[in-house]
Amino acid sequence: MSPSEAIVVQSSDAPHARLRQLLSLLDRDQTNAALCAECMSLALDSSDFDCAELLARRALQAQPDDPAMQFDSPVFVTAIDRLDWKPQGVAPSEAWNETKPRFEICSTTVSTTPGCA
């Protein structure tokens, strides 16, 4: 699934419209790191976390040999327990249930390559 397909909310507000526009450009130029970063920022500002995650994965996979993308030093690791996860505005069938993973590991890493900070 491409990030442009990940936008479920069909909203007419300016951030979503701008995000859709930039994602269509990114689909044509998938190696444009600046455009990808702007799309991720807009996705996060629009609370479109699925789209932001897809963009982050795409960015990490696009340049696997780039020293700035090596992220070799863990800074922070935690876990999310989805047992009582009942987000507002989400149908109960979409919230956590026994068929989905209960825990999610979240980590922050950095690249220790000189000049990449």
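Out of all the residues in the stretch 63-81, which are without any contact (Cβ under 8 Å) to a residue 24 or more places away in the chain and under 19 Å from the mean Cα position of the chain (by Cα)? Answer for the stretch 63-81, where residues must be without any contact (Cβ under 8 Å) to a residue 24 or more places away in the chain and under 19 Å from the mean Cα position of the chain (by Cα): just Pro64. The residues in the stretch 1-15 that are within 20 Å of Val90 (Cβ to Cβ) and either part of a loop (DSSP other than H, G, I, E, B) or modelled with pLDDT of 80 or more (or both) can be counted, and the count is 7.
Looking at the stretch 55-78, is at least one residue touching a Ser or Thr at 6+ places or on another chain (Cβ under 9 Å), modelled with pLDDT of 80 or more, surrounded by 11 or more Cβ atoms within 10 Å (Cβ to Cβ) and assigned to a helix (DSSP H, G or I)? Taking every residue of the stretch 55-78 in turn, at least one turns out to be touching a Ser or Thr at 6+ places or on another chain (Cβ under 9 Å), modelled with pLDDT of 80 or more, surrounded by 11 or more Cβ atoms within 10 Å (Cβ to Cβ) and assigned to a helix (DSSP H, G or I). Could you grab me the full set of residues in the stretch 48-62 that are farther than 15 Å from Pro15 by Cβ and free of Cβ contacts under 8 Å to residues at least 40 places away in the same chain? Residues satisfying the conditions are Glu53, Ala56, Arg57, Ala59, Leu60, Gln61, Ala62.
Residue-level analysis places Ala33 among those that are modelled with pLDDT of 75 or more and within 15 Å of the chain's Cα centre (by Cα).
Just give me the residues in the stretch 77-94 being of a type in the set (S, T, N, Q) and within 16 Å of Ser47 (Cβ to Cβ), in sequence order.
The answer is Gln88, and nothing else.
The values are calculated or read from the model by the stated rules, or taken from the named source; none is laboratory data. This one's a predicted model, so the numbers in the text were calculated from it and none came from an experiment. Virtual Cβ from ideal backbone geometry, glycine too; neighbours counted across all protein chains shown.
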